[in-house]
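Okay, structure first, notes after.
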Amino acid sequence: MNFPNHKGKMVPVPSTSIIPERDLGKIPVLEARHLGVDFGGLTAVDEFDITVGRTEIAGLIGPNGAGKTTVFNLLTKVYQPTRGTILLDTRDTAGMNTVQVSQAGIARTFQNIRLFKSLSVLDNVLIGLHNTMKYPLGSALLRLPSYWKQEKQAREKALELLSIFEMQDVADTPAGSLPYGAQRRLEIVRALGTSPKLLLLDEPAAGMNPSETYELMENILKIRDTFQIAIMLIEHDMNLVMGICEGIAVLNYGRIIAKGTAEEVRENPVVVEAYLGKKKEG
Amino acid sequence: MKKTIRIPMPVRYLINFALLAVLLLTGNFLVNIVDRYYAKVLMLIGINIILAVSLNIATGYLGQLPLGHAGFMSVGAYTCSIFVIRASFLTNYIGEAATFWLGLLLAGIVSALFGVIIGIPALRLRGDYLAIITLGFGEIIRVILLNIDSLLGFEFTYGASGLKNIPKNTTFLNVFVLVALTCALVHTMMKSRHGRAVLSIRENEIAAEACGIKTTYYKTLAFSVSAFFAGIAGGLYAGYLGILNPNTFGFMKSIEILVMVVLGGMGSMLGSVISATVLTVLPEALRGFSDYRMVTYSLLLIIVMIFKPTGLMGAYDFSLSRLLEKGINVMGGKKPVKKGDGAK
Ligand SMILES: Nc1ncnc2c1ncn2[C@@H]1O[C@H](COP(=O)(O)OP(=O)(O)OP(=O)(O)O)[C@@H](O)[C@H]1O
Ligand SMILES: [Mg+2]
């Protein structure tokens, strides 16, 4: 599984990261500097530095408990960072909460699926599209034209987004009754509803079989190409990561231990050691 | 994929209005021919429907557990009554009925304001703080209503001796119109971006925030809309009884309303309507066996909770149009449009 022609040539930027060459002239979508968080005595993430290009597909990998999900929680302000800065499209997100960060352009999926289970698939996506509709409560109560117009537009948009994963036919089923893989895809669709600049995917292929994973890889590329957004993903499936991620950061014990392209990371002895343990010498 | 028939929107509304008109005419007809006693029960059913449907917003849709619904009801009851009594000069200009309607609106607004004041601090926090705070609120309101006059030397609520001589303005028509309005407005709210935002909080608060939904705002909105209609029900109740005593609106009254919602099925408006009806009629019907009244009431609850823990209707909601669609499609040999409803 490889999609080499989808990967850009990577070039270094001053902030010790690499971004695709095509994104060089553009403002990076995300710049995190010295990001860190402590939980009581435990430092879960420390000195996390990353630059993500405008249309890059970036990977965040590392062993269990390395702090990957915590990084997503920091970026989306589910946790307030103890240290460091996050620049989203050059805008400092200090002091913002989850809602404001979402409106500023970061959307995400969750490692433990968090769908609105008893609501329909369509409603899940419509909730993602909440802020694209502007009509006030009064218009809804009196069913004024603005209600009908915006609801109709949102519905069409939702079905269009669902069609990325060919899910428009299950629009009326409750989200909780979908198979596992479909639930993960629905989370992506819902996240896309918020029109993000940066989409964070936390283990999108977890629980999927190889052919589902292959389709997912194609779809992640398709999403990037159609919406021209950046995607950062956490994944344990190395085929997926090596197949589509351009810049990859490796996290261990809350710190970045390596950054580079798939090839560079794969060959890096420090990374191999983090995953497989230290080789016994002699 | 087979094409199924969907009834277009304007026709759906016509169907609903037709249904309402039929209900109104039958109701009005009944009220005029039956005994005064039954007419009163009919009004009480309506008031309880408003109470249950409004509480269902906060419990079934928002997923919180308020324990002070009777508190909001009492705020509405006293607001409306005091307004109607004090603003008697208004009746000279706009008539008694219009004054009462104004009083009801005011009851809703004041009650909703209380909802905002209590909701903001209680709902900012995740977890079950609302249960405790509303429990306290219900009791505090009751105690205030009991003592405020003697404390401040007012003659407003007349404390434990009760506020008497409230004009009995509540009629079947009043109640019916307000039941219909409540159900219609709650329905239109829930089928909008605002309603979906409320539901998303119940389903998963963290995911809702990640979708850009201002959870504190929508929690407070749902909670105060719930209080608004409770206030109106309170106003109707005052105009129905003609006398108010703060102790009517104690903790047990809140629980009584909560039981209606739970029995009907959290999040089902139809469930709230049915169980409010049943639980109003049942105690009346059992008046003859007053010794067994509470026993029967409790048994009924236990039986429902054992065999149907999600309540009578689960989360199902009724739509006449949908039923018709099903009928049409089945007759035409087509599979009905599958909707995300039904018990889970
Ligand atoms: N709210 C919290 N309070 C205390 N410790 C936490 C909290 N959240 C995460 N941690 C700790 O931070 C560390 C990193 O957790 P995290 O979930 O980010 O790992 P991960 O890299 O996503 O692992 P996995 O691959 O298993 O998903 C773990 O040791 C975890 O126990
Ligand atoms: Mg994780």
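The values are calculated or read from the model by the stated rules, or taken from the named source; none is laboratory data. These numbers come from a predicted model, not from an experiment. Note: ideal-geometry Cβ built from the backbone for every residue, glycine included; neighbour counts use all protein chains shown. To get the accessible areas, we keep the full protein, side chains included, count just its heavy atoms, and leave off ligands, DNA and RNA. Shrake-Rupley method; radii C 1.70, N 1.55, O 1.52, S 1.80 Å.
Computed quantities for the displayed model
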| read-out | value |
| --- | --- |
| Integer Hz, Karplus 6.51/-1.76/1.60 couplings in order for the range A:13-24, x for Gly and Pro | 10, x, 7, 6, 10, 10, 9, x, 4, 5, 8, 4 |
| Protein accessible area in the range A:1-147, 1.4 Å probe - carbon and sulfur % | 55 percent |
| Heavy-atom surface of chain B, accessible at 1.4 Å and reported per residue (Å²) | 47 Å² |
| Over 28 Å between alpha carbons, listed pairs A:LYS77/A:LYS117; A:LYS197/A:LYS259; A:LYS68/A:LYS222; B:LYS168/B:LYS191 | B:LYS168/B:LYS191 |
| A:ASP89/A:LEU159 FRET efficiency (R0 22 Å; Cβ-Cβ; nearest 0.05) | 0.15 |
| Heavy-atom accessible surface that A and B bury in contact, both chains counted, 1.4 Å, Å² to 100 | 3000 Å² |
| Reachable aspartates and glutamates, given that their alpha-carbon falls under 18 Å from the alpha-carbon of A:LYS152 and they are not under 8 places away in the same chain | A:ASP123, A:GLU160, A:ASP169, A:ASP172 |
| Relative contact order [Cα under 8 Å, 6+ residues apart], chain B, whole percent | 30 percent |
| Whole-Hz couplings from phi, Karplus 6.51/-1.76/1.60, listed for the range B:141-149; x for Gly and Pro | 4, 4, 5, 4, 4, 6, 10, 4, 5 |
| At least 40 Å² accessible surface lost relative to isolated chain, residues of the range A:137-173 (1.4 Å probe) | A:LEU137, A:LEU141, A:ARG143, A:TRP148, A:ASP172 |
| Percent carbon-and-sulfur accessible area, the range B:15-250, ignoring ligands, DNA and RNA, probe 1.4 Å | 69 percent |
| Residue-averaged beta-carbon neighbours from other chains (10 angstrom radius) around B:190-201 | 6 |
| Relative contact order for the range A:120-193, counting Cα pairs under 8 Å that sit 6 or more residues apart, in percent | 52 percent |
